[in-house]
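All of the numbers you see were taken from the coordinates with simple rules; none came from a lab. Remember, it's a predicted structure, so these values are computed and weren't measured experimentally. Positions of Cβ are generated from backbone atoms using ideal geometry, with glycine treated the same way; all protein chains shown enter the neighbour counts.
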Amino acid sequence: MPPAAGIVEVKARLADARAVTVLTGAGISADSGVPTFRGADGLWRNYRAEDLATPEAFARDPRLVWEWYNWRREIIATKRPNPAHHALVELEQRVERFWLITQNVDGLHPDAGARQLSEIHGNIWKVRCTQCRQVHRNRAVPIPILPLCPACGGLLRPHIVWFGESLDPDDLDRSAAAVGSCEVLLIIGTSGLVYPAAAFASLAKQAGSFVAEINLDPTPNSEIVNVAIQGRAQAVVPELIRST
Ligand code: BV8
Ligand code: ZN
């Protein structure tokens, strides 16, 4: 069955592009079995992410928020990168100017070998001290529910960007530069509802880039992009990147 028209055009654009930027969301890790945010499997004890991933929720009940992150760490610890993650590493090695921006905190992109990467919402395997602000790698599963800082004994929190918190300025600058100066922007597996990442499609269009979306369902980005391909990331992304 010949590939859909959209796939042919995006393959052609990628084949001779020298500057490619990619934005990913929970949908790229869904095929690895990681629950998405808005999918039915994304709920924990009927809490929405927006209820728990906030500094207010952590101040109110740090034990509850740590139980939620421990639940996600236990799930993610058993998951591996899928063909879509691996295909993006192949693209990174092939393209002259490549940058990958992910909203995912699951660490599957770096696990797959991605190096030119901004994890703009943080990483679930990193913790930060609320007292001395030191950041530590921590892959303990389970993690003690109120983990303490090995340096000063202060309470640790996930090194993750919560709703209402600003992104790391370097990540934001690096991402905005990559979105504003690429020939092709691929948007993979995101509902496009959370800012500032939700603004990247129109930013790239304004900069004259060719923008393509690969997503299971239509999103607000589908109206903005040049080509919207509806499908599973692990099926479509390797096809787009496979030369010939
Ligand atoms: C900030 C870490 C300065 C936590 C996350 C402007 C307008 C309105 C609101 C705002 C605005 N500016 C700022 C805000 C507030 C807020 C915001 O955007 N709120 C939204 C809800 C309206 N933004 C912030 O607070 C940001 N900070 O701007 O600071 C500031 C502060 C206050 C006020 C002004 C300025 C910080 C946002 C970061 C929050 N942290 N994650 C954690 O993970 O624990 S966001 C989190 O949710 C994810 O990281 C991700 O970004 C988002 C979830 O979205 P997706 O990844 O897209 O996942 P989702 O499940 O929604 O969709 C999956 C998609 O995949 C679906 O479309 C599905 O169809 C598809 N799919 C499923 N399976 C597959 C698939 N596709 C392909 N293949 C498959 N197999
Ligand atoms: Zn400390």
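With N the number of residues in the stretch 121-172, Rg(Cα) / (2.2 N^0.38 Å) evaluates to 1.15. List the lysines whose alpha-carbon lies under 26 Å from that of LYS11, not counting same-chain residues fewer than 8 positions away? Of all the lysines, those that pass the test against LYS11 - Cα under 26 Å, at least 8 places apart if same chain - are LYS205. The ellipsoid that matches the Cα gyration tensor of the chain has semi-axes, each √(5λ) in whole angstrom, of 33, 18, 17, with the longest given first. Over every pair of different alpha-carbon atoms in the stretch 44-101, take the mean of 1/r and invert it; report that Kirkwood radius in Å. That comes to 14.3 Å for the stretch 44-101. Our helix-only sum for the chain, with -39,500 (n - 2.57) per DSSP H run of n ≥ 4 divided by its residues, gives a mean residue ellipticity at 222 nm of -9500 deg cm²/dmol. Once R0 is set to 30 Å, what does the formula 1/(1 + (r/R0)^6) return for the Cβ-Cβ distance between GLN134 and ILE75, expressed as a FRET efficiency to the nearest 0.05? With a Förster radius of 30 Å, E is 0.65. Remark: the stretch 36-166 projects, on average over all directions, an area of 8.8 nm² (convex hull of Cα atoms). In this simple spin-label model, placing a label point 7 Å from the Cα along the Cα-to-Cβ direction at both ASP170 and VAL141 gives a separation of 2.8 nm. Kindly provide log₁₀ I(q)/I(0) values, in the same order as q = 0.18, 0.20, 0.23 Å⁻¹, from the Debye equation applied to equal alpha-carbon scatterers of the stretch 6-91. At q = 0.18, 0.20, 0.23 Å⁻¹ the computed log10 ratios are -0.88, -0.98, -1.15.
Scoring 182-195, 141-154, 53-66 by mean Cβ neighbours within 10 Å over their residues and listing the highest first yields 182-195, 53-66, 141-154. Potential lengthening of the chain between VAL194 and LEU148 amounts to 13.5 nm, from the contour at 0.36 nm per residue minus the alpha-carbon distance.
Given their separation in residues at 0.36 nm each and the Cα-Cα distance between them, LEU64 and ALA5 gain 16.5 nm when the chain is fully extended. With the alpha-carbon atoms of the stretch 136-227 aligned to their principal axes, the span from lowest to highest coordinate is 51, 28, 22 Å, starting with the largest. Qualifying trypsin sites (Lys or Arg not before Pro) in the stretch 164-244, where qualification requires a DSSP coil assignment and no more than 16 other C-beta atoms within 10 Å, comprise ARG242. Residues whose amide H comes within less than 5 Å of that of ALA228, counting only those at least five positions distant or on another chain, are GLU213 (H built at 1.01 Å from N in the peptide plane).
Grab the beta carbon distance between ARG18 and PHE163, set R0 = 41 Å, and tell me the FRET efficiency rounded to 0.05.
The pair ARG18/PHE163 has a calculated efficiency of 0.70.
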